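The values are calculated or read from the model by the stated rules, or taken from the named source; none is laboratory data. These numbers were taken from a predicted model, which means no experiment stands behind them. As a convention, Cβ positions derive from the backbone with ideal geometry for all residues, glycine included, and neighbour counts pool all protein chains shown.
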Amino acid sequence: MQPAYGPLTCKVCGLTKANTAAMRKHTLAAHRELGRNANRRLPPRQREPNPALATAAAAGAAPSHSGGSPCGATSATLHGQSTALRERCSSAGSSSSTPVSGDALPLVELGGHVLPVTAALMTDTAVAYHGTSDGVSGLPEECDEDDATLLLQLSRAAEGHASQEETIHPGLGRKPPLGGQQTVTSGHAHHFSSVATEAQAEYERIGDSKRCEHAIDARPNCKPGQFNTPALKMLQTFVNECNGSGLSTASQTRLYELLARWDGSDGRGDKDAGGRARIADVFSSPTAFRNAVRDDLDDAILSAGWKKCTLVQGGVSYVTYFRSVLKTAIDALRNAKEVQLRRDDGDVGDRREAPMDGEAFRAHQEAVDSTTSEKAFVLGIYVYSDASLLSWSGGTFPLQFVDPWIRSVFQFLHRARLLASLYVSPLPHN
Amino acid sequence: MLTAALPLRFACVQPTSLFSLVAHYLYPIRIRVVNDVSGEVRWFTVAYVPIVRTLKEPGGKMKATGRRWGVLQRTLYLAFREAIASSHSGHSLPVSIGGYTLAFLRVLLYACDRPKERAVLCMKAGNFGKCCSTCEVQAKDACSEEGVTAAPRDVVETLTRHLEAAKLRRTTKARKRRVLLETESSINAFVPALASLGGLGTVPHHLYKMIAIDPLHVSLAHFLRGDMCVILHFERCVSAANTTFRQPFSDLSFSHVSFCLFSSLFEA
């Protein structure tokens, strides 16, 4: 089947037009005598069977009624097309594979290399469905064994031809892409529809990923890495972790002034009071000190891959911060001292002590092994989040410190053999 | 710096108001890699979900609930986007790890509280309809024989309903059909973002088996409103999980998980 879009060439004057509409306009303006069906992509409607084809089909189909091979009809109508069907018939030793003349070619325009085969197959199908020259017609279920074999071979030929066309021209016969650009399919996964891919498409349609940007904007001409000595690194750690959330910018200024006064680098005291390592020798001013702290933090955030995105949900804008789970997990795996990538059923047995021993990991591993033949492993992760309510202890608070009333409730559950320990296993927290 | 934006205030007062004095402005989502068997449990923050407050507007509470679903799911999708894209055909590692160059990321466990569980799975909160995320039991049958023999939730079927309901919500057509879909399966007209991850929305379909509930997330105010029927149903779920699923946790012992599931029902 020829493409439904693309340039067209006029059969009369050879003029090339970019699309169907332009060709139609040219035909009606320059070749009025041809009528409106000239230079169309699709062939004009066949109003009656071509007598040449009918004769050829009857000649080829005759042996089938006399007990011969049905391949003759197929070979005759395919006329020179080196298809698998002809090869099959030739290998079967058919004696009726007489090619017909060129007049037996389809009456359609030869605009593409697909049309002869299509027309031939249609003719074959018509022969198979409506009988042969003797005028005997019947439905497919009324066919005899030879006719059924013919139908089967025709369907196989069509199947092979279709797959070949799909390989050669993947975009053939489809709707033209918007903007005149060729459609690029990425990966085979998009060729299959499933709830997972549809769910993914649901979020891709929203398009949040296109609006992402870096979590912060680094300062122009920033200079990270100025805290490059052990003493300065200790100072940086103190600034970032003091009081839990670190020092404010005002406190950083006061700290700098304190250090400058202490080592005498503020110019008001003894210049040699602090020895060689003085704060003003590294950071000339409180602003430089604050900028150095900020540059290091910005660099750490950007290098970790943090991004932000503004989500408009229900008419209200929210800013969310995130980074890639995949990259984080792989980095964590690379930095791990000891890793286990595969679960061996023989080693695990009935043991259920580690996360890798679980049935869930085994199920995922079996699913992955059935997906690929390469050496692959399951990168299993646990996810933890607190959103609706808050675990103030992060799951690390021993229950004996809890209010006695609460503790009594937990102890009740413990007596009911639902709680093995009064201590709740540790979970992360800020 | 981001951590500094999360002030935490706590005051040990009466149990009913224990959690009411806590202020969070961003909610973190953390992950842990189970392939790391070095013995040190390390959690990595991958996202901060913004808090959604209820605005003073007509139907503000319901609208805020809808916004929370959307913000949570969209943040989850952004964080898991690369993992989702490579979870079906694998992520090729430029440098091999232990001789392997192809990794398939899978979520084995999602630890959260009971409301978060409903939000992650895009299900309706409350003790009505199909209140259990793992099976098809009705809330009124949770304590009866039907609660024991209820069929497990079909991931593909439920997600298909999610997709249809989400499409209807987007097109604002066939509202009755959307309400019917939401009511029948106790779902919201939003698609779970994690459903597109390999292994959850695809074989072995562990979308509803990955949830484990953190007991300290459960508000004690809700703790007092326990429904005995739901208690017994969750006990059955726990025993079923103990015999069939058997998901072991190194830092979350199974008794702890049982307790998580058991305590979560008090919030329903």
State which residue is nearest to the chain's Cα centre (by Cα) when the search covers only the stretch B:130-156 and only residues that are surrounded by fewer than 16 Cβ atoms within 10 Å (Cβ to Cβ) and in a loop (DSSP other than H, G, I, E, B). B:Asp154
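Residue check: is B:Gly99 out of contact with any strand residue (DSSP E or B) (no Cβ under 6 Å at 6 or more places or on another chain) and in contact (Cβ under 8 Å) with a residue 40 or more places away in the chain?
Details: out of contact with any strand residue (DSSP E or B) (no Cβ under 6 Å at 6 or more places or on another chain): yes; in contact (Cβ under 8 Å) with a residue 40 or more places away in the chain: no.
In short, no.
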State the number of residues belonging to the stretch A:352-372 that are more than 7 Å from every other protein chain (Cβ to nearest Cβ) and either modelled with pLDDT of 90 or more or over 20 Å from the mean Cα position of the chain (by Cα) (or both). 5
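Output the residue which, of all residues in the stretch A:338-378 that are among the polar types (S, T, N, Q) and farther than 19 Å from B:Arg32 by Cα, is surrounded by the most Cβ atoms within 10 Å (Cβ to Cβ). Working first, answer last.
Start the filter on the stretch A:338-378 by keeping residues that are among the polar types (S, T, N, Q), which leaves A:340, A:365, A:370-373.
Those left that are additionally farther than 19 Å from B:Arg32 by Cα: A:370-373.
On the way: A:Ser370: 9, A:Thr371: 17, A:Thr372: 12, A:Ser373: 7.
Going through the qualifying residues, I end up with A:Thr371.
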The conditions are (1) over 24 Å from A:Phe361 (Cα atoms); (2) among the small types (Gly, Ala, Ser); (3) within 8 Å of chain A (Cβ to nearest Cβ), and B:Gly59 fails exactly one of them. Which is it? (3)
List every residue pair whose Cβ atoms lie under 7 Å apart, where the two residues are 6 or more positions apart in sequence or sit on different chains, the first residue falls within the stretch A:276-291 and is assigned by TED's automatic domain parsing to the domain that holds A:Asp263, and the second residue, located anywhere, is among the acidic types (Asp, Glu) and not in a loop (DSSP other than H, G, I, E, B). A:Arg278/A:Asp263; A:Ile279/A:Asp263; A:Pro286/A:Glu257
Looking only at the stretch A:193-207, decide whether some residue is more than 26 Å from A:Trp306 (Cα to Cα), outside the structural domain of A:Pro286 (by TED's automatic domain parsing), modelled with pLDDT under 90 and in contact with a His (Cβ under 7 Å, 6 or more places away or on another chain). no
Just checking, does the stretch A:386-400 include any residue being facing chain B (nearest Cβ under 9 Å), surrounded by 15 or more Cβ atoms within 10 Å (Cβ to Cβ) and at pLDDT 80 or above? no
Complete set of residues in the stretch B:29-56 that are within 7 Å of chain A (Cβ to nearest Cβ) and assigned to a strand (DSSP E or B): B:Ile29, B:Arg30, B:Ile31, B:Arg32, B:Val33, B:Asp36, B:Phe44, B:Val46, B:Ala47, B:Tyr48, B:Val49, B:Pro50
Enumeration of residues in the stretch B:116-129 that are crowded, with 21+ Cβ neighbours inside 10 Å and either among the small types (Gly, Ala, Ser) or outside any loop (DSSP other than H, G, I, E, B) (or both): B:Lys116, B:Glu117, B:Arg118, B:Ala119, B:Val120, B:Met123
Answer residue from the stretch B:87-113, given it is crowded, with 18+ Cβ neighbours inside 10 Å and not in a strand (DSSP E or B) and is farthest from the chain's Cα centre (by Cα) among those: B:Gly90
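Each row is one residue, and each column tells you yes or no for (1) outside the structural domain of A:Phe227 (by TED's automatic domain parsing); (2) modelled with pLDDT of 90 or more; (3) in a loop (DSSP other than H, G, I, E, B).
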| position | (1), (2), (3) |
| --- | --- |
| A:Leu259 | no, yes, no |
| A:Trp262 | no, no, no |
| A:Asp270 | no, no, yes |
| A:Asp298 | no, yes, no |
| A:Ile301 | no, yes, no |
| A:Arg334 | yes, yes, no |
| A:Leu341 | yes, yes, yes |
